[in-house]
Amino acid sequence: MQAIISFCIWLVRHKFPFIVTVFCPVILATALAWADGVENLTIATFCALIAVLLCCGYYMTHFYYYYRDKYIDPNNSTVSLILLKSVQNKHMIYWPVLFFIIAIFLSIPLILRSGWMTVLALALIIGFTIMGSFGKHRRHLHKFLDVLCLFGIGPLTICSIYYVQSYEMNLAIALAGLGYGFLCSCLFVILNLRNYEQDQLHHRHTLVVRFGKNFGRMQFMFFIGIASALPIIIYAMIQDHQYILFCSLIHLAAIPTIKNILTAESQQAYNAPLFSMGLLILIYTALFSLGWIL
């Protein structure tokens, strides 16, 4: 248990931007349902618990495999505590299996409530998380994390959480999820830029490795631009919830991050953009949620 607590402390300290991407879809989808008068906070709580379990299971398996394959330096001060207390424990690999099983168990009430559409969505979300954690497909999925997150963490997750609360769906909700998905993809583009040399060394052919760092920088700016444009498109389409237009200013808030990405030369130089991107995702989620409610 002490190892699990240590792992959770490390996760909060060093994976803040990625934790944001786990919780924000639940917050955003529930805010959309709340404003439309169809929210169900019990179901939202189930979704949040499933998200936490999938996140913990995913990162625990990655610690285990990265330590086993010697991608992590045991002398690294940011990870030595967790390595000593969990990764070196031969039973540690069973914890993420338990987390995934509990997540599947918690999905049963959602499936019974909403039927086959929820079965399909949950199968994709949980299935890709497990495939990305175990087995031979793990490295293949990591090559396209930015693209997978665009649709997986974005419209698929947000539409699923909204639908399981409301039994309703429309294009505006899907576009709201797509905007969030583009921002989350920006986070993983920065991660791919930071890990460019390491991915080359270990033959992980991400899009940045395939097409170069300049492609990754252009990809980041394009995704930010699309995420900024989507609130305008949604408002033009539904002529309601005008306060979501403030989300279109996210590209202005992203200017310092863009400058850091364009000038970064070392791996450490990408840590600040990663953290600031996590904050931008949090701000975008808060602005869109409040803009839809007000």
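The values are calculated or read from the model by the stated rules, or taken from the named source; none is laboratory data. Small disclaimer: the values here were computed from a predicted structure and weren't measured. FYI the Cβ positions are ideal-geometry reconstructions off the backbone, even for glycines, and counts take in every protein chain you see.
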(request) Only one of these is surrounded by 21 or more Cβ atoms within 10 Å (Cβ to Cβ) and either polar (S, T, N, Q) or touching a Lys or Arg at 6+ places or on another chain (Cβ under 9 Å) (or both): 276, 289, 248. Name it. (result) 289
(request) Specify the residue that is farthest from residue 17 (Cα to Cα); the eligible residues are those in the stretch 261-294 that are part of a helix (DSSP H, G or I) and polar (S, T, N, Q). (result) 263
(message) Give all pairs with beta carbons closer than 6 Å in which a residue from the stretch 243-261 that is farther than 19 Å from residue 213 by Cβ meets a residue that is outside any helix (DSSP H, G or I); count only pairs at least 6 apart in sequence or on separate chains.
(response) 243/294
(request) Would you please list the contacts, defined by Cβ atoms under 8 Å and residues six or more apart or on different chains, that run from a residue in the stretch 265-277 that is farther than 13 Å from residue 15 by Cα to a residue that is loosely packed, with under 14 Cβ neighbours inside 10 Å and of a type outside the set (Val, Ile, Thr)? (result) 267/197; 267/198
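Condition check ((1) charged (D, E, K, R); (2) surrounded by 14 or more Cβ atoms within 10 Å (Cβ to Cβ)) across all residues:
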| residue | (1), (2) |
| --- | --- |
| 202 | no, no |
| 205 | no, yes |
| 213 | yes, yes |
| 219 | no, yes |
| 226 | no, yes |
| 229 | no, yes |
| 232 | no, no |
| 239 | no, no |
(message) Quick check on this structure: which one of 227, 286 is touching a Leu at 6+ places or on another chain (Cβ under 7 Å), modelled with pLDDT of 90 or more and not hydroxyl-bearing (Ser, Thr, Tyr)?
(response) 227
(request) Exactly one condition in (1) hydroxyl-bearing (Ser, Thr, Tyr); (2) within 16 Å of residue 253 (Cα to Cα); (3) in contact (Cβ under 8 Å) with a residue 40 or more places away in the chain is not met by residue 206; state its number. (result) (2)
(message) Residues that are in contact with a Lys or Arg (Cβ under 9 Å, 6 or more places away or on another chain) and either in a helix (DSSP H, G or I) or modelled with pLDDT of 55 or more (or both): does the stretch 69-87 have at least one?
(response) yes
